[in-house]
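Below you'll find the structure, written out as structure tokens, and then a few comments.
All of the numbers you see were taken from the coordinates with simple rules; none came from a lab. As the structure is a computational prediction, the values presented were derived from the model and not from experiment. Cβ sites come from the backbone with ideal geometry, for glycine too, and all protein chains shown count toward neighbours.
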């Protein structure tokens with residue numbers, strides 16, 4: 001019995017924290033590898049809708065992004081109507097043709113037929129604006145489009 | 001001169017530095033969504049006579065400004081759309097389609113090749129509803145193609161497409177491509193959007 005009594009008085013040994021940096025580094029490397037820096041700073045709300053029949057967009061360099069949504073909280077002076085964003089700034093429907101031309105000019109000529117336009121549109125936008133964008137894209141013959149969505153069930157999420 | 005051993009650098013703060021970097025990357029990480037519904041817009045053509053299509057070969061889907069769905073002039077819930085579209089496409093009314101499993105109703109579409117889904121939306125329709133409808137219609141096509149691929153090759157259509165894009169897939173890709181083409185011809189995606 002004396003043996004047990006002696007143990008009760010002893011303190012717990014401190015856990016070694018020597019491997020903590022290793023663990024943290026491991027996490028750090030994971031996030032460093034997984035991080036994709038945003039190409040554009042968004043000035044709009046961009047809450048994408050859900051869909052489950054999605055196809056992957058590969059070859060990131062062959063994608064042109066058009067954003068649309070309501071101006072976010074910092075840009076309320078631009079109103080609350082849905083706006084288009086191209087690159088880093090708000091744009092008008094008429095600017096799309098110039099934007100597509102500029103994007104095409106920056107790519108190698110043989111890659112131009114493979115360019116896809118990704119529409120990243122907020123789920124509360126209305127279709128009027130999307131129709132205008134699509135019409136504008138048809139005019140400049142940029143016919144491959146992709147409605148970028150989140151992956152998930154439609155019913156219940158939207 | 002006697003050589004002195006260099007004093008050891010205290011590595012105790014390494015964890016702090018690593019934490020700092022970790023938190024920076026945690027905050028800046030946005031897992032980019034890079035998937036979506038691929039569509040092709042029709043090119044602009046001047047003064048083209050619209051082809052004459054029988055009314056029974058058109059499946060009209062109308063989305064109004066209040067996000068209500070009108071399918072073939074009847075109100076419908078979104079969850080029923082996929083089934084209705086599948087039934088329409090797989091009907092095979094004129095009997096020329098020997099792989100269709102539909103009801104062969106003479107009032108509905110003749111052949112998957114002739115069946116056209118026409119989608120019309122208003123300017124006030126919200127984008128999420130539009131995407132949901134597009135998704136269901138694509139799903140109807142994919143379901144039919146999956147069934148057909150399963151019957152012909154014992155694999156689903158989506159699985160075959162994934163194999164085609166997989167660099168490490170060991171099988172014969174040209175053959176796989178031909179098989180996919182065959183299914184795509186049997187169930188072509190004819191989804192037209194009405195311009196407003």
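Structural remarks
- Rounded to 0.05, the FRET efficiency of the residue A:78 and residue B:40 pair, given R0 = 22 Å and the Cβ-Cβ distance, is 0.10.
- The calculated 222 nm mean residue ellipticity attributable to helices in chain B amounts to -13000 deg cm²/dmol, summing -39500 (n - 2.57) over DSSP H runs of n ≥ 4 and dividing by all residues.
- Spin-label pair residue A:32/residue A:60, simplified geometry with 7 Å Cα→Cβ offset, distance in nm: 1.7 nm
- Grouping the Cα pair distances of the stretch A:66-130 into 5 Å bins from zero gives a pair-distance distribution of 4, 15, 25, 22, 15, 10, 6, 3, 0 percent in increasing distance order.
- Of B:71, A:140, B:61, the sequence from fewest to most neighbouring Cβ atoms within 10 angstrom is A:140, B:71, B:61.
- Residues residue A:139 and residue B:94, FRET efficiency given R0 of 45 Å [Cβ-Cβ distance, rounded to 0.05]: 0.70
- FRET efficiency estimate (nearest 0.05) - Cβ-Cβ, residue B:173 to residue B:76, R0 45 angstrom: 0.65
- Between A:46, A:141, A:87, the residue with the greatest mean-square fluctuation in the GNM of chain A (Cα pairs under 10 Å linked by springs) is A:141.
- GNM result for chain A, Cα springs below 10 Å: residue of A:108, A:83, A:138 fluctuating most strongly: A:108
- Inter-part distance where the stretch A:43-121 and the stretch B:2-28 are each reduced to a Cα centre, Å: 42 Å
- 37 °C / 0.692 mPa s Stokes-Einstein diffusion coefficient of the stretch B:1-65, Kirkwood radius on C-alpha pairs, µm²/s: 157 µm²/s
- Dimensionless Rg over Rh [the stretch B:93-136; C-alpha; Kirkwood]: 1.17
- With Cα atoms as the point set, the radius of gyration and Dmax of chain B evaluate to 26.8, 106 Å.
- Neighbour-count ranking [beta-carbon atoms within 10 angstrom, fewest first] of A:12, B:160: A:12, B:160
- Beta bridges per DSSP with both ends in the stretch A:1-156, % antiparallel, nearest 5: 40 percent
- Taking chain A as a Gaussian network of alpha-carbon nodes connected by springs under 10 Å, the highest mean-square fluctuation of the residues A:53, A:135, A:85 belongs to A:53.
- In the frame of its principal axes, the protein assembly as shown has Cα extents of 100, 60, 44 Å, reported largest first.
- Estimated distance in nm for a label pair at residue B:104 and residue A:105, the labels positioned 7 Å out from Cα along Cα-to-Cβ: 6.2 nm
- Alpha-carbon centroids, the stretch B:128-148 and the stretch B:155-196: separation in whole Å: 15 Å
- For the stretch B:117-196: rounded, prolate or oblate by the Cα gyration tensor [a/c cutoff 1.5]: prolate
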